[in-house]
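Inspection log for the structure reproduced underneath, given as structure tokens.
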Amino acid sequence: LGVIHVTGKEYDKAIVELENSMASAPSAKASFFLNKVRADKLSRDTTDRKAPEVHFKGSTAPEITSSCTKVVTGVANDDTGLAALTVGGKSVPISLAEKHKVFTTEVALTEGKNSILAMATDLAGKKKKKTLEIVCDRRGPLIEIAQLRAEDNQVTVSGMVSDDHELGSLTINGRLWPVTGKAPGYNFKLSLPEGRITVVAIDRAGNVTGARVRREEFDLS
């Protein structure tokens, strides 16, 4: 009966019958025609003037990660009903138009900058796009040891440490050295160790690079 009303463009009657059908026995056919008649009614009445909204969960600032994938979560909303939603090129299942849709989608990442696009489409065909920027960094920082000098039972270690994106921390023999930016220098003085000096750099993505120098390699002049 609902389909007959759709054919006759009796939209209000069709909606009532199809909603009753879905309430008693949900089916793909009833969902299809209910979405169609709601969209046709909106088109006829031109009452939908607002595009959907898409929001990602968490901070919208660019994220840096060493992971191969990213689980993207968020929500899409529309005052008349969402007809379709894609995240990272993957379709989020929506059988019957919803005004509020929570999504969780795992997206594969490539090395470098990734722009994950979410696009929501409502029953009237209006679209809204939202982009989440994620940097995939799988390479550790570069450590350069420029000088090792030992004098008066003190050793001076100097050099540079750099990263393609952003450094997180730098330590020498467990002592933390403050770092900011992409290529800070360092200049440590510490008691002459019996064994070796270990320099460890970690970037914002969690990649770790270590460098070790044995005692016999020190410049004792």
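The values are calculated or read from the model by the stated rules, or taken from the named source; none is laboratory data. Since the model is a prediction, treat every value here as computed from it, not as a measurement. Note that each Cβ is placed from the backbone with ideal geometry, even for glycine, and that neighbours are counted across all protein chains shown. For the accessible areas, the whole protein counts, side chains as well, though only heavy atoms, and no ligand, DNA or RNA atoms are used. Shrake-Rupley method; radii C 1.70, N 1.55, O 1.52, S 1.80 Å.
Using the alpha carbons alone, the radius of gyration of segment 1-102 stands to its Kirkwood radius in an Rg to Rh ratio of 1.11.
Its residues counted as N, segment 6-55 yields a C-alpha radius of gyration over 2.2 N^0.38 Å of 1.27. Helix 28-45 and the long axis of the chain differ in direction by around 80°, with both axes built from C-alpha atoms. Across segment 161-176, computed HN-Hα scalar couplings (Karplus, 6.51 cos²θ - 1.76 cosθ + 1.60, θ = phi - 60°) run 9, 9, 8, 4, 10, 7, 7, x, 7, 9, 9, 10, 6, x, 8, 7 Hz from first to last residue, x flagging Gly and Pro. Both radii are taken from the alpha-carbon atoms of segment 43-106; with Rh as the Kirkwood radius, Rg/Rh is 1.06. Only helices enter the 222 nm calculation for the chain: every DSSP H run of n ≥ 4 contributes -39,500 (n - 2.57), and dividing by all residues gives -5500 deg cm²/dmol, rounded to 500.
Kirkwood radius, segment 65-174, all distinct C-alpha pairs, inverse of mean reciprocal distance: 17.7 Å.
If only the Cβ of Lys and Arg carry +1 and only the Cβ of Asp and Glu carry -1, the dipole of the chain around its Cα centre is close to 640 debye. Of the residues Ser169, Ser67, Ser27, the one that moves most in a GNM of the chain with alpha-carbon contacts below 10 Å is Ser27.
Could you work out the Kirkwood radius for the chain, taking every pair of different alpha carbons, averaging 1/r and inverting it, reported in Å? Computed over Cα pairs of the chain, the Kirkwood hydrodynamic radius comes out at 22.0 Å. Listed here are the pairs Lys90/Lys127; Lys50/Lys113; Lys70/Lys126; Lys13/Lys90; Lys99/Lys128; Lys36/Lys70; which of them are more than 26 Å apart at the Cα? Distance filter (> 26 Å) returns Lys50/Lys113; Lys70/Lys126; Lys13/Lys90; Lys36/Lys70. Springs between Cα atoms under 10 Å define the GNM used for the chain, and in it the highest mean-square fluctuation of Gly174, Gly140, Gly74 occurs at Gly174. Note on surface exposure: Cys136, Cys68 rank Cys68, Cys136 by accessible area, highest first, 1.4 Å probe. The largest-to-smallest principal axis extents of the Cα set in segment 80-132 are 39, 18, 13 Å.
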